[in-house]
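Have a look at the structure below, then the notes.
Please treat every number below as a calculation from the coordinates, not as lab data. A quick note: this is a predicted structure, and the numbers were derived from the prediction, not measured. Every residue, glycine among them, receives a Cβ derived from its backbone with ideal geometry; neighbour counts consider all protein chains shown.
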């Protein structure tokens, strides 16, 4: 509940800040450039790998991986949080690239938008890529058809093209293709072992064992990269019920093995155990992450009889522990099962729900589990709200969001009917960012994480504030209309050219300039006499100052 209260405070502050367009411009620029630093950290993680893990450990517990492949998370706790944050920033970066006063900020913001598409792609977030593509396509159409603004449409189109190139490049990555085809990692890993049934060896010798293993899963086994696959073995008791606490051995595979492929290895096994009978268990693994046995794949086993060696040997007394091949972490739960649990919770308490942030603490009971990962959410913003807060809490959330959506629709309608200040690109960017959160939220949950919920409430508040305050007819925005019109960055003072930059037709711009009392010729740089019709004040402005 504390997050909702804080979020509403951020919402209110953003609405109030939107009274001053300089503050809006400064805030959006800061968010975009700050996110750009986070994106570069994420790209650095993908290039440098473990070299940056020490620094990034200040922000997160461990890197995110799928199929042994690192997923970009950068300075964020989870890779999906990074994807959502960058998705929301990309539309804002497009808006800043159009409205920024300085050329360096325009180009920097466009670079952040392009890099953002690559960063989202490297998170391997399927919903993130699809959502961002839909939103950028909507921005192109909205800018062209509603604002009649070719500049914003062109910038959004460039970023959309960058996203398409990113997806095209990722399609060459087997792990990414597998992500598109499956839900989770179930069925990714499988192995069939052909090993000797029995070995008769002497203590002190080194046995040479031929092992043939077939990849029966859907994921390829990689011989290179940061986490190469390996074939390992460990010693078990004669009955296979206990694990001998003897250092296991892992041999990196010499080549990639595709699904259905077979690998033949000759493995050297030093015999340093006391005489007796044992079992040698074979297992493919991703060292440091998991063995296939932790994914429910049976090991291959060889019965080994160790006879006394030819010479005296000092044997270290063996210790053992019970054999336990269960996963090291609670089993993963499919999205459909999480949704089912959320619906059951809501059905039990339809009005008030089970309490804020309680879904993750309770869902295992509804799925018949004895242990579950309490970091997991419902993977749906709307179902989690219903489960946690019931109809009343969900209605309150929808009501607040509805205010922002209504103001955005009203503002876009007025833009289409009348000449306005150059807030059109802002509205397109803010609307795209808000839509990103709401669309992606249908299959993921982000209100429980500080970076995403603060950005969401800020964007919602700015959408409401800019939509309410940005119209020429009432002359809001506290620094005066003439300041934005006579300012630099392409918003030249001439009545026939200045407003064309933001999609206002030439004839409308002429009347608008006359009504505002702009007396200079367009773009001359001489001082202008701008008359604020709201209170009769006159203010001298330079043709190269102010603006966005």
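In terms of surrounding Cβ atoms within a 10 Å radius of their Cβ, 360, 65 rank from fewest to most as 65, 360. The label-point distance for residue 9 and residue 210, in a model that sets each label 7 Å from Cα toward Cβ, rounds to 7.2 nm. Take every pair of alpha-carbon atoms less than 8 Å apart whose residues are at least six positions apart; their mean separation over the length of the stretch 75-157 yields a relative contact order of 30 percent. What the Cβ-Cβ distance of residue 47 and residue 27 gives, at R0 = 35 Å and to the nearest 0.05, is a FRET efficiency of 0.70. Residues 150, 279, 144 in ascending order of nearby Cβ atoms (within 10 Å, fewest first): 150, 144, 279. As a calculated quantity, the FRET efficiency between residue 111 and residue 307 at R0 = 60 Å, using C-beta atoms, amounts to about 0.30.
Note on residue 141 and residue 202: the extension gain reaches 14.3 nm, defined as 0.36 nm multiplied by sequence separation minus the Cα-Cα distance. Under the criterion of Cα pairs below 8 Å and six or more residues apart, the relative contact order for the stretch 38-91 equals 32 percent.
Counting other Cβ atoms within 10 Å as a rough exposure proxy, the listed residues 408, 221 run 408, 221 from fewest neighbours to most. Gain on full extension, evaluated as 0.36 nm per residue between residue 373 and residue 19 minus their Cα-Cα distance, stands at 123.0 nm.
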